[in-house]
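Note sheet for the following structure.
The values are calculated or read from the model by the stated rules, or taken from the named source; none is laboratory data. In this text the structure is predicted, and so the values were computed from the model without any measurement. Note that we place each Cβ from the backbone using ideal geometry, even for glycine, and neighbour counts take in every protein chain shown. Just so you know, the surface numbers come from the protein's heavy atoms only, side chains and all, with ligands and any DNA or RNA stripped out. Shrake-Rupley method; radii C 1.70, N 1.55, O 1.52, S 1.80 Å.
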Amino acid sequence: MTATPASADDVLNIDIDGNVAIVTINRPQMRNALDEAAVAKIDAFFSNIPPEVGAVVLQTEGPHFCAGLDLKEHHAKRRSPTEFMRVCQGWHRAFDKMQHGGIPVIAAMQGAVVGGGLELAAAAHVRVADRTAYFALPEGQRGIFTGGGATVRVARIITPGRMIELMLTGRVIDVEEGQRLGLAHYIADDARATALELARKIAGNARLSNYAIVTAINKISDMSATDGLYTEGLIMCMVQTAIDDVQGRLGDFVEKRTEKVQL
């Protein structure tokens, strides 16, 4: 495993373990609330992922995944509407690069996955929660509104109606209900270990297939049925004609060198 130089003051630590990058947000004293510097570092990493990386584990230090926007910074800066619009656009840009950058991202979640922390998690493709995880959108009680993409990403996962209810009431969802709603795909005793295991498995897939899966499906969901079906066909043609990787994998299946899909 190789790592970038790290210290207790680093907002984001990066470890490269073979073909998996482990990205750790390091603000446990703030429950990993995201300030401008943290979002900028997330943006920078996902703008320039090392070429050997086939999957990313996103995790955080401390007992909580992410408590959302750094309200202490927000209160101190007394941002104007224009300034805060730029902050929102920075979150959108960083999280779009996570979701649509072509590399699968697996989030390991614990404790509070709240507000902007839920927006961050929703940009990941696979979400693993440990049994301490809980989810909430407390913006109504804070006198603010979501700004990091929840109205798009979270609402698509749990439906707009459910998101409205959560924001109005401030209700907290435990990990079991979170899994039922799709906020977590897996519940694990050790979310980090499970996320890393999944990342290694996913990184072993065909790179072009992974790229198509994490970039095309959400885009197609924005299209009409006719446009979506046509785009699906084009993506299939692109992936299927990647001769070396496809032919090798299909050959392994035909020659019974791979396991069949079964329970």
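As an exercise, find the ratio Rg/Rh for the stretch 58-208 from alpha-carbon atoms, using the Kirkwood inverse-distance average for Rh.
Rounded to two decimals, Rg/Rh equals 0.97.
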Segments 110-119, 26-35, 65-74 sorted - mean Cβ within 10 Å per residue, highest first: 110-119, 65-74, 26-35
Cα pair distances of the stretch 121-232 binned at 5 Å [whole percent]: 2, 10, 16, 19, 17, 16, 11, 6, 2, 0
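How high is the relative contact order of the stretch 1-157, in percent, with contacts defined as C-alpha pairs under 8 Å that are six or more residues apart? Mind dumping the intermediate values first?
Values: 294 pairs, mean separation 32.5, N = 157.
It rounds to 21 percent for the stretch 1-157.
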Using Cα pairs closer than 8 Å and at least 6 residues apart in sequence, work out the relative contact order for the stretch 3-86, in percent. 31 percent
Cα principal axis extents for the stretch 172-246, largest first, Å: 42, 33, 12
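For 96, 189, give the ranking by accessible area with the largest first, probe 1.4 Å. Don't skip to the end; give the middle numbers.
Working: 96 70, 189 130 Å².
The residues order as 189, 96, largest area first.
Sort 39-48, 81-90, 161-170 by the packing proxy (mean of other Cβ within 10 Å over each peptide's residues), most packed first. Walk me through the numbers before you get to the answer.
Values: 39-48: 17.7, 81-90: 12.5, 161-170: 15.2.
Going by the mean number of other Cβ atoms within 10 Å, highest first, we get 39-48, 161-170, 81-90.
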Quick check: pseudo-label points 7 Å beyond the Cα along Cα→Cβ at residue 156 and residue 223, how many nm apart are they? 1.4 nm
Given N residues in the stretch 1-139, what is Rg(Cα) / (2.2 N^0.38 Å)? 1.00
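Using a probe of 1.4 angstrom, how much of the accessible area of the stretch 1-152 is carbon and sulfur, in percent? Mind showing how you got there, number by number?
On the way: 3450 of 6280 Å².
Result for the stretch 1-152: 55 percent of the exposed heavy-atom area is carbon or sulfur.
Return one whole number: the accessible area per residue of the stretch 73-157 in Å², for a 1.4 Å probe. If you can, show how the numbers build up before the last one.
Working: 3400 Å² over 85 residues.
In whole numbers, the stretch 73-157 has 40 Å² accessible per residue.
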Could you calculate the contour length gain from residue 190 to residue 96, that is, 0.36 nm times the residue separation minus the distance between their Cα atoms, to one decimal place in nm? 31.1 nm
Under a 1.4 angstrom probe, counting protein chains only, how are 12, 234 ranked by accessible area, largest first? 234, 12
Can you list the equivalent-ellipsoid semi-axes of the chain, largest first and in whole Å, using the square root of 5 times each Cα gyration tensor eigenvalue? 32, 21, 19
Once residue 10 and residue 177 are pulled to full extension, the length gained, defined as 0.36 nm per residue separation minus their Cα-Cα distance, is 56.7 nm
Taking Rh as the Kirkwood radius computed over alpha-carbon pairs of the stretch 29-105 and applying Stokes-Einstein at 25 °C with viscosity 0.890 mPa s, one gets a diffusion coefficient in µm² s⁻¹ of 179 µm²/s
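Taking 8 Å as the Cα distance limit and 6 or more residues as the minimum spacing, I'd like the relative contact order of the chain as a percentage. Mind showing how you got there, number by number?
Values: 457 pairs, mean separation 43.1, N = 263.
It comes to 16 percent, rounded to a whole number.
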Per-bin percent of Cα-Cα distances, the stretch 108-174 [5 Å]: 4, 18, 31, 29, 14, 4, 0
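Considering only protein heavy atoms and a 1.4 Å probe, what is the carbon-and-sulfur percentage of the accessible area of the stretch 179-240?
On the way: 2280 of 3890 Å².
Using a 1.4 Å probe with all protein chains present, the stretch 179-240 comes out at 59 percent carbon and sulfur.
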